[in-house]
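Only the coordinates and a few stated rules stand behind these numbers; no lab work does. Bear in mind that the values here come from a model prediction, so they are computed numbers and not experimental data. Note that we place each Cβ from the backbone using ideal geometry, even for glycine, and neighbour counts take in every protein chain shown.
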Amino acid sequence: EDQVTQSPEALRLQEGESSSLNCSYTVSGLRGLFWYRQDPGKGPEFLFTLYSAGEEKEKERLKATLTKKESFLHITAPKPEDSATYLCAVHPTSGTYKYIFGTGTRLKVLA
Amino acid sequence: NAGVTQTPKFRILKIGQSMTLQCAQDMNHNYMYWYRQDPGMGLKLIYYSVGAGITDKGEVPNGYNVSRSTTEDFPLRLELAAPSQTSVYFCASSYLTAPFTDTQYFGPGTRLTVL
């Protein structure tokens, strides 16, 4: 069965303290893996798409990487405005319409 | 481009009432989706549509109905509201052509409470 697991559930960092969020997935085949940011009371906002193992993408303090079993979202020198829930989703090859979402990591960055 | 829009933002219903959640997109996307998001749970797919006139059930369709008469609009109908339908509802859209993938874009959500 296709599955996505995110860890940790919650993370508190001091401003400037770098860390990584994990997204482990089990799918028969992968079309793409997506990272989203979700602020309280808002819809998920797209960050990155990764298509194949070894791929990396960067945006400001965020860097996403992909292996055959997991993806990491690295946050370098975070700021309080990076506080949000980060969602991971996979689009497996089994079923054109189907995206599978993890439950997210709630990140809090303290000033 | 407004992207994906949803109305209303908030709604309180009494048990047994009905309502329609509106969703529209202006990106000419073929696929549209309705999800619900409950605390601590991932997004659960309620219904999806692959194009005008074509809809199908997702993981949690009971108590809901959809229609898609145009490419742009994908309303979600709740009949006989129950407390279990208290949730945040998100509409999303993407442009998919097999075997490729594409980003799903989300609306701002509708927070629904059933009392």
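Structural remarks
- Peptide A:95-103, shielding by other chains (average Cβ, 10 Å cutoff): 6
- Computed FRET value (nearest 0.05) for residue B:56 with residue B:15, which takes r as the C-beta separation and R₀ as 41 Å: 0.90
- Note on residue A:59: lysines with a C-alpha under 23 Å away, same-chain residues under 8 apart excluded, are A:42, A:68, A:69, A:79, A:108.
- √(5λ) per eigenvalue of the Cα gyration tensor, the protein assembly as shown, largest first, Å: 30, 21, 15
- Cα-based reach from residue B:57 at 17 Å (exclusive), listing lysines while leaving out same-chain residues under 8 positions away: A:98, B:44
- Fewest-first ranking of B:73, A:2, using other Cβ atoms within 10 Å as the exposure measure: B:73, A:2
- Amide H to amide H, with H built 1.01 Å from N, residue B:13 comes under 5 Å of B:113, B:114, B:115, counting only residues 5 or more places away or on other chains.
- Cβ crowding within 10 Å ranks B:7, A:65 as B:7, A:65, fewest other Cβ atoms first.
- In plain terms, if you count all Cα to Cα distances in chain A and split them into 5 Å steps from zero, the share in each step is 2, 13, 24, 25, 19, 10, 5, 2, 0 percent.
- Note on residue A:51 and residue A:67: the model spin-label points, each 7 Å out from Cα along the C-beta direction, lie 2.3 nm apart.
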